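Peer 1: What follows is a structure written as C-alpha cells; I'll ask about it next.
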Amino acid sequence: MKRYDLIIVGAGPSGLCAAIEAAKRGLNTVVFDENEKPGGQLFKQIHKFFGSKEHRAKVRGFVIGRQLLDEADRAGVKVVLNATVIGLYQDKEIVVKIGDGIEHYKGDAIIIATGAAENMVTFPGWTLPGVIGAGAAQTMMNLHGVLPGKKVLMLGSGNVGLVVSFQLMQCGCEVTALVDAAPRVGGYGVHAAKIARTGVPFYLSHTIVRAEGEECVTGVVIAEIDSHFQFIPGTEKHFDVDTICLAVGLSPMSQLLKMAGCKMEDNPKRGGQVPVCDEYGRTSLPGVFVAGDVSGIEEASSAMIEGKMAGIAAAEYLGYIEEEELKKELVSLEDALNGLRQGMFAPENRGKRIETTEEGIAVSENLLEHGFITEEEIERFPGITHKAGIHPVMECTQNIPCNPCQDACPKGCISIGDKITSLPVVVDGSQCINCGMCVASCSGQAIFLVEEDCGDGTALVTLPYEFLPLPEDGTKGKGLGRNGEPVCDAQVVSVKNNLAYDKTPLLTIKVPKEYAMKARFFKAL
C-alpha cells in the first residue's frame, strides 16, 4: 500500500489550490480525480471572474485552470486522472478504482475536494433525450466543441443558468426563454441584463409543465405558478425547442465524508448534506479536511481560497509549519474570502429580500422580475453620468464583490473605493481617453462608453460584444434597448479587438442622440 503525506480527492479549483500550498511546504502530495482532465469546472468557464486582482478577477476560468495546473506541476504535485475514489475508511485509507483495478492508499492527512453535482427536477418527459443539465451543456460546448442543441429553453435563473444561457448564445444556439419558479432572478443582475438586452424573455414564477416529443424533445410547455407552486390554469405557454437545459442548483458530493464517519449536518444554506467543519476546513475527524463546494456551495473564487486554507492547515497538522506561521498565512486568506462573502449575495443573505443597496438606493424591481432595468430606474444609480465628450456609463446596480474597472482605467476615471462591493462612480474632474479598458475588463459586461452628442444629431455607444462573426465597420442594423427590443437605427463605426481586451471585442455604434442612454446592444439587419 502506497503512502503519501497528503492525499487530495478532486482536482478542481479547491483541490489544486490545496495541493499547491501543501507541496510548496514540503508535503509529498497526490491528487486523485475521476475525470480524464484536471481542473474541474474551470475549463468549462469561458467567462471572466468577479472579485479583485487577488481573486484573479477579469481572468477567464479556463485560463485560471491552466495557471493552477502549471503551478501544481512546478510544485511537484502528482495528479492521477481517471481515478475514482470509491471509499474513505478509518486511519485515512482510501480505495481507488483506476482502470479495471482497485488500489489502496494511505495518507497522513486527507483533503476532500469533490465539489458538487447538479440537481434535477422531474416533469412529464424529463427522461427524453434533449433534457440536460447546464453543466453538461457547458461540457459539450466548452470542452468538446459540440452544440447541445439549436433551440434551447433554460430552467433556472441563478448564476449558472444565466452564465450558461449566455454561453449557449455565444456558441450559436437560440435561447428561446429563461424560466424560473422563483418570483425573482436568483443570480447577478448584470448577468441577467446582458441576456435580456439580446432579446431573450424571462418568465419568473413559471416552471415546466411537460416536455414534448416521442423519441426526443421537440417542444416544451411552461405555466405560471402561484405562491403554493401550483400551476395557474390558462397560463400555459408553448415553445418549439429541441433542448431543455436545467440549472436548478447544486448538491455537495459529500458521500465519502459520510462514509468515513465525519459529523454531518443538513444545511440548506450550504446546499444540503455537508460536513461540520471549522473555517479552515478541519472536520470532526483529525487529519481529514474539506475545501470547496463539498463543504458549501459558493463561487469558484471562494473555493480556491478555501483550498489554499485547507492545504496550509494540513501542513500545520503534519508539522511542516508552526502554528504561528499558520495563523500568519491565514490572515490574508481570511480577508480575501470575507471580501467575496460581502454584498447582496453574501451567504447570510440567501433567501432574503434585499430592498436597497448599501448606498441606500432602491433595488431595481424590474431587473429582478424581468431581467432588465427600466429607463426610469437606471438614472438613480451612481454609475450613470451625463457630460460632454466620451465618458463611462456603469450600469452596475447591485452590491457585488468586484472591482476590476477601478484598476483598469489608466486615468483613474472610475472609483469603487476600499469596499469591494460598493457601486462604481465616475470621479469628478477625470477625463476619459476612450481606451475601452473599463468596458473590456467588466466581468458583468455592464460598462459602456458614451458620447451623448456628436454635434450632428448622433451619439456614439461603445459596448462589449462577445459574439461571432463580428460585424464590419459600416454594418447597418438596429440598436436594442435593455429589454432586447429594437429602439433605433444603428451603424457600426468601429470594432476593436486588441490583446489587452482579452477576447472581449468593443463595438462602437452610431445612433440618434436621443438614444444614447437607451441603445445597449446591436443587431445587424
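The values are calculated or read from the model by the stated rules, or taken from the named source; none is laboratory data. For clarity, every value in this text was computed on a predicted model and none was experimentally measured. Methodologically, a virtual Cβ is constructed for each residue, glycine included, from the backbone with ideal geometry; neighbour enumeration extends over all protein chains shown. These accessible areas exclude ligands, DNA and RNA; they are computed on the full protein's heavy atoms, side chains included. Shrake-Rupley method; radii C 1.70, N 1.55, O 1.52, S 1.80 Å.
Peer 1: Can you give the direction-averaged projected area of the convex hull of the alpha-carbon atoms in the range 229-374, in nm²?
Peer 2: Answer in nm², one decimal: 13.7.
Peer 1: With every protein chain kept in place and ligands, DNA and RNA left out, what is the accessible area per residue of the range 447-525? Probe 1.4 Å, answer in Å².
Peer 2: Details: 3680 Å² over 79 residues.
Heavy-atom SASA per residue in the range 447-525 reads 47 Å².
Peer 1: Here is a further query. Mind checking the dipole of the chain: about its Cα centre, +1 per Lys or Arg Cβ, -1 per Asp or Glu Cβ, Debye to the nearest 20?
Peer 2: Its charge dipole is roughly 700 debye.
Peer 1: Next question, about the same structure. Which aspartates and glutamates, if any, have their Cα less than 20 Å from the Cα of LYS237, not counting same-chain residues under 8 positions apart?
Peer 2: Excluding near neighbours in sequence, the set is GLU174, ASP180, GLU212, GLU214, GLU224, ASP226, GLU369.
Peer 1: With every protein chain present, what is the per residue accessible area of the range 115-197 (1.4 Å probe, Å²)?
Peer 2: I get 33 Å² per residue for the range 115-197.
Peer 1: Averaging sequence separations of C-alpha pairs under 8 Å and six or more residues apart, then dividing by the length of the chain, give the relative contact order as a whole percent.
Peer 2: 14 percent
Peer 1: Write down the percent of antiparallel bridges among all DSSP beta bridges whose residues are both part of the chain, to the nearest 5.
Peer 2: Looking only at bridges with both residues in the chain, the antiparallel portion is about 65 percent.
Peer 1: Round to the nearest 10 and give me the degree value, 0 to 90, for the angle of helix 323-340's Cα axis relative to the longest principal axis of the chain.
Peer 2: Roughly 30 degrees between the two axes.
Peer 1: Determine the sum of side-chain charges near SER284: Lys and Arg each +1, Asp and Glu each -1, restricted to other residues whose C-beta is under 12 angstrom from that of SER284.
Peer 2: Overall, the nearby charge balance is +1.
Peer 1: At 1.4 Å probe size, what's the solvent-accessible area of ARG56? Round to the nearest 10 Å².
Peer 2: Accessible area, nearest 10 Å²: 50 Å².
Peer 1: For the range 174-288, place one equal point scatterer on every Cα, skip the solvent, and apply the Debye formula. What is log10 of I(q)/I(0) at q = 0.16, 0.23 Å⁻¹?
Peer 2: Cα-only, vacuum Debye calculation for the range 174-288: -0.86, -1.25.
Peer 1: Over 27 Å between Cα atoms: which of LYS97/LYS258; LYS496/LYS518; LYS151/LYS352; LYS24/LYS419; LYS194/LYS352 fall into that group? Display every interim value, and only then the final one.
Peer 2: On the way: LYS97/LYS258 19 Å; LYS496/LYS518 22 Å; LYS151/LYS352 34 Å; LYS24/LYS419 32 Å; LYS194/LYS352 24 Å.
Over 27 Å Cα-Cα: LYS151/LYS352; LYS24/LYS419.
Peer 1: On each of the three principal axes of the Cα atoms of the chain, give max minus min coordinate, whole Å, ordered largest first.
Peer 2: Per principal axis, max minus min of the Cα coordinates gives 78, 59, 41 Å.
Peer 1: Now for a separate question. Grab every C-alpha pair in the range 245-310, bin the distances at 10 angstrom width from 0 up to the longest one, and report whole percents.
Peer 2: Pair shares across the bins are 23, 55, 20, 3, 0.
Peer 1: Over the Cα atoms of the range 48-178, what is the Rg over Rh ratio if Rh follows Kirkwood?
Peer 2: 1.04
Peer 1: Let me ask you something else. When each pair of different Cα atoms in the range 369-507 is counted once in the 1/r mean, what is the Kirkwood radius in angstroms, to one decimal?
Peer 2: 15.8 Å
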